[in-house]
Amino acid sequence: MANTELIEKINRKLSEEFETDIELIRPDAPLMQTLELDSLDLVDMVVLVEQHFGLTLKAQDFASIKTFQDFYDFIDSHVNDAN
Amino acid sequence: MNRVVITGMGIYSCIGKNQEEVRQSLYRGASGIGLDPARKEYGYRSALTGILERPDIKGLLDRKKRMGLSEQGQYAYVATLEAFREAGIDEAYLQENEVGILYGNDSSAEPVIHAVDIIREKRNTALVGSGSIFQSMNSTVTMNLSVIFKLRGLSFTVSGACASGSHAIGMGYFLIRSGMQECMVCGGAQEVNMYSVGSFDGLSAFSLREDEPAKASRPFDKNRDGLVPSGGAATLILESYASAKRRGARILGEVAGYGFSSNGDHLSVPNVDGPRRSLEMAIRDSGLGIKDIRYINAHATSTQIGDLNEAKALLHVLGGARPYVTSTKSMTGHEMWMAGASEVVYSMLMMQNGFIAPHLNFEEPDEASALLHIPVQTVEKEFDAFLSNSFGFGGTNSTLIIKKFHH
């Protein structure tokens, strides 16, 4: 389970990068719709995750992510794997 | 054939971020040249460049629309906003009509180099980000502006070296004259970063007069020692007279003639014959006599051979006529891909406001420029028609003639 500090950092970075009101970013909210992501934006998600979380991923890795909670868990598990 | 009129203009350059700022700079004879010290750290011979800050477009465009915009695309967006505003063309009009775009652009070096730096370091192409490809292509300006403004007409980029912007206007003129398009966004854009001019610096083409930046660009002066790279963007809205009349648009001027030629000669060394033929074609196309053209905005970039050969070509075509001749590059430096469009905007501002901007740094003529009528002070002068030359690497030449609109 992602800790509060990691969740806040994720929310802040997603809000800044995709210019979305941080109040809209809630654990059960749909990630793609809330951030208005299309296939091009997933490439920028790869860049964001590399720059701010040190993870090297592919756009396809995000395919199973539905909600922000899924995203927190996904990042958390990869950060832990990386550690 | 349709008459082709100008109904809007926009400009973003080192002498002003809109028409009014540029008009004032032109009138005062203000230089936009300065130094970029970072270039010296990278071994550039010359740090001289046009100085302009990038526009803040974050409040104007959302992220998706900004992602693909290169530096020169940002300049072009701001210039085109100004031009559409003046033309009275809004989003609803663009959705209901087939407005096209032809813009001059011949490089997009900065995003290419950034992407290659990332790929070399990270060995992961995804990390260049989604916007890189759309910023890197030569067509970056037209593809982005087409989407941002929802244009539905013809869209492509004209790459004709330092004549790109001029050819873009000339091609737009042809398309409207023939009836293929009613309204076109035409212009030119030029990135202003050191990556874009490194190889040009390597040719020893740039002035080294770094101790006096405002005196470095000195077209036609005997002691010129090279050009000063510069940039920004300029947009003109061209449309058929019938379209402008139907919309009730204010007509700013009329494209009277376009001429072109290639030297078929040398990659970088210009000649006299090519420019002469371009001039003659434009004058023939305009139906004007040479004495009707009271102002010439020369291509003259401040290189020895280029300015000399242009002066010779002009003298040949002018015969006994003595119009004022200036190069606004004495103020702006060489705006390259943009220059053919920006210099039409500069000249239009002069024609609309009844003056000719001073030609800076013309202290001692050479044997050819001594025979041209080059004003070093602002001249209060009403004139009805001007001619603008643009020449580029590979020997591509373009000449435009614009006149005041009369029914």
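Below is a table of values for the structure above.
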| quantity | calculated |
| --- | --- |
| Beta bridges by DSSP in the range B:4-247, antiparallel share as percent, to the nearest 5 | 65 percent |
| Per-residue Cβ neighbour rank within 10 angstrom, fewest leading, B:TYR103, B:TYR42 | B:TYR42, B:TYR103 |
| Chain B: antiparallel DSSP beta bridges as a percent of all, rounded to 5 | 70 percent |
| Dipole magnitude of the range B:257-403, debye to nearest 20 (Cβ charges: Lys/Arg +1, Asp/Glu -1, about Cα centre) | 340 debye |
| Residues B:LEU52, B:LEU267, B:LEU208, sorted so that the one with the fewest Cβ neighbours within 10 Å comes first | B:LEU267, B:LEU208, B:LEU52 |
| Modelled FRET efficiency - R0 35 Å, B:VAL269 with B:THR378, Cβ distances, 0.05 increments | 0.55 |
| Shielding by other protein chains, A:43-52, mean Cβ within 10 Å | 4 |
| Label point 7 Å beyond Cα of B:GLU98 along Cβ direction - residues of the range B:1-15 with amide nitrogen under 19 Å | B:1-5 |
| Anisotropy class of the range B:245-363 from Cα gyration tensor, a/c 1.5 cut | prolate |
| Cβ-based charge dipole, the protein assembly as shown, positive-most Cα from A:GLY54, A:LEU40, B:GLY160 | B:GLY160 |
| Rounded to the nearest 20 debye, dipole of the protein assembly as shown from Cβ charges on Lys, Arg, Asp, Glu | 1700 debye |
| Of all DSSP beta bridges in the protein assembly as shown, antiparallel share, percent nearest 5 | 70 percent |
| Per-residue average of Cβ from other chains inside 10 Å of B:119-129 | 3 |
| Added length on full extension, which subtracts the Cα-Cα distance from 0.36 nm per residue, B:SER178 to B:SER204 | 5.1 nm |
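Since every read-out is calculated from the coordinates, none of them should be taken as a lab result. A quick note: this is a predicted structure, and the numbers were derived from the prediction, not measured. A quick note on method: Cβ atoms are made from the backbone with ideal geometry, for glycine too, and the neighbour counts reach across all protein chains shown.
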